[in-house]
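First comes the structure, then the notes that go with it.
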Amino acid sequence: MIGLLLAVFGFLEIIVAGSLQIADRGMRWIFVGLLSCASLVSMFASPLFIINLGIRTKSVEFIPFYLSLSTFLLSTSFFLYCIFNFDAFINV
């Protein structure tokens, strides 16, 4: 478990160091935005697989309520952020 945590922090350190090497502010914004989009797609794909399992089995026992609630609240917060800040990456 500790090894996985160190690997994740190491990966984040590489991303931050790489993005800080980009001198152009607009290019850095695009780089970080694309990385954010990729991470959000992977984060939202997991609950969709569980919902697919619930639909196939026609049972809600495989769909955890708190996972569905947190996904809904996170989606709502990203939507509001996009509306108020006009952020194209979040909009996509």
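Helix 65-85 sits at what angle to the longest principal axis of the chain, using alpha carbons and giving 0 to 90 degrees rounded to 10?
On a 0 to 90 degree scale, this one is about 40.
Measure out, as a whole number of angstrom, how far apart the alpha-carbon centroids of segment 22-67 and segment 74-89 sit.
Using only Cα atoms, the two centres lie 15 Å from each other.
Spin-label point model (7 Å from Cα, Cβ direction): what's the residue 57 to residue 8 distance in nm?
2.5
With a 1.4 Å probe and all protein chains left in place, how much of the accessible area of the chain comes from carbon and sulfur atoms, in whole percent? All intermediate terms of the calculation are to be shown ahead of the outcome.
On the way: 5740 of 7580 Å².
Exposed carbon and sulfur together represent 76 percent of the surface.
Give the accessible surface of the chain per residue, rounded to a whole number of Å², with probe radius 1.4 Å and ligands, DNA and RNA excluded.
82
Would you mind checking which residues have amide H under 5 Å from residue 22's amide H? H placed 1.01 Å from N; only 5 or more apart, or other chain.
Under 5 Å from the amide H of residue 22 lies no amide H from a residue far enough along the sequence or on another chain.
Normalised by the residues of the chain, what does the relative contact order come to in percent, with Cα pairs under 8 Å and at least six apart?
Computed value for the chain: 21 percent relative contact order.
Quick one: Kirkwood hydrodynamic radius for the chain, alpha-carbon pairs, angstrom, one decimal?
Numbers: mean 1/r = 0.0635 Å⁻¹.
By the Kirkwood definition, the hydrodynamic radius is 15.7 Å.
Where does helix 2-20 land angle-wise versus the long Cα axis of the chain, in degrees 0 to 90, nearest 10?
For helix 2-20, the angle is close to 40 degrees.
About its Cα centre, how strong a charge dipole does the chain have in debye, to the nearest 20, once Lys and Arg get +1 and Asp and Glu get -1 at the Cβ?
180
The values are calculated or read from the model by the stated rules, or taken from the named source; none is laboratory data. From a predicted model like this one, the values you see are computed outputs, not experimental measurements. All Cβ positions, even for glycine, are placed from backbone atoms using ideal geometry, and neighbour counts span all protein chains on display. What goes into the accessible areas is simple: the full protein's heavy atoms, side chains included, and nothing from ligands, DNA or RNA. Shrake-Rupley method; radii C 1.70, N 1.55, O 1.52, S 1.80 Å.
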